[in-house]
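Comments concern the structure below.
Each value in this text was obtained by applying a stated rule to the coordinates, not by laboratory testing. Note that the structure is predicted; figures quoted are calculated from it, not measured. Here the Cβ positions follow ideal geometry from the backbone for every residue, glycine too, while neighbour counts run over all protein chains shown.
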Amino acid sequence: MKKTMLASVLLCGSALAMTGCQTVQDQLQTGNPFSQPALKSTIKTVDGNKEVGQVFLRPVDGGVQVYGKLMNMTPGKTVALHIHETGSCADMGKAAGGHFNPDNFPHSNPDDMNGHAGDLPNLTANEDGVATINYVNKQISAAQTGKYSVNRRAFIVHAGADDYTSQPAGNAGDRIACGIIEKR
Ligand SMILES: [Cu+2]
Ligand SMILES: [Zn+2]
């Protein structure tokens, strides 16, 4: 078993760079130990505390890869996902505070380097109610501490989509699910 695993890793490493070898699908489906996310978050509904998915964060070239999936979402519906500043899901997720914003920028689209660090792309659930994210955020750190670290902050899933424009939070609606980001 151990020998097989080593052989497959070597084969993989010889054909491609290690990072190119691992698809997000692999990481999601097999929990491959070589994916090594630095941080993780278990997302739960804010009312009822039912688990809806997991999101992982790991350092990659030029930023932090945020990847994972949410289940039991409304099929076809587009919703907002953000990193909020406080690692608490109490009070229906309100305790998570505003968007993570270490440089005091306005809310914007996730690719705007002069917008909130915690801004992320909207997610659309497929017909099975599964929504996936795989996005490299260039404004955050997956380190345990530091100004840009998102350790002990929180993911919030909203009832609606982010318009990437309205202040202070993209008019995304109620907070429906929340997960504290922590060391894996
Ligand atoms: Cu939010
Ligand atoms: Zn924002």
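Here are some notes:
- Taking 7 Å steps out from each Cα toward its Cβ at K94 and D61 produces label points 4.6 nm apart.
- Neighbour net charge for P59 - beta-carbon separation under 15 angstrom, K R +1, D E -1: +4
- Over the stretch 75-180, relative contact order from alpha-carbon pairs under 8 Å, at least 6 apart, %: 34
- Between N171 and T42, the modelled labels are 3.7 nm apart [label points 7 Å from Cα along Cα→Cβ].
- Within the shell defined by Cβ-Cβ distances under 14 Å, the residues around L123 carry a net charge of -1, with Lys and Arg each +1 and Asp and Glu each -1.
- Extension gain (nm, one decimal) between N49 and T74, 0.36 nm per residue minus Cα-Cα: 7.3 nm
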